[in-house]
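A short write-up of the structure that comes next.
Nothing in this text is a laboratory measurement; each read-out follows from the coordinates by a stated rule. None of these values were measured; they are calculated from a predicted model. In this analysis, Cβ positions are derived from the backbone assuming ideal geometry, glycine residues included, and neighbour counts consider all displayed protein chains.
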């Protein structure tokens with residue numbers, strides 16, 4: 001082979017390798033984006049669950065306070 005042919009073959013192999021690396025990098029980029037998206041969705045679901053638990057605790061506390069007041073009234077009425 002002539003030196004020009006070797007140089008051309010090296011250039012083509014290098015170009016093909018760069019294309020493969022770029023495709024691989026794009027694939028990794030898509031995976032990273034998907035992973036970040038899923039991580040964000042998980043955090044959002046956890047925040048929603050925590051908010052729901054807090055809201056439920058507030059409702060149950062109010063319900064317990066109302067039941068306590070009714071019990072006090074009933075006791076006060078029974079003692080009179």
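Some observations on this one:
- Flag for residue 8 being in a helix (DSSP H, G or I) and loosely packed, with under 10 Cβ neighbours inside 10 Å: no
- Set 71, 76, 55, 34: member being surrounded by fewer than 10 Cβ atoms within 10 Å (Cβ to Cβ) and either part of a helix (DSSP H, G or I) or out of contact with any strand residue (DSSP E or B) (no Cβ under 8 Å at 6 or more places or on another chain) (or both): 76
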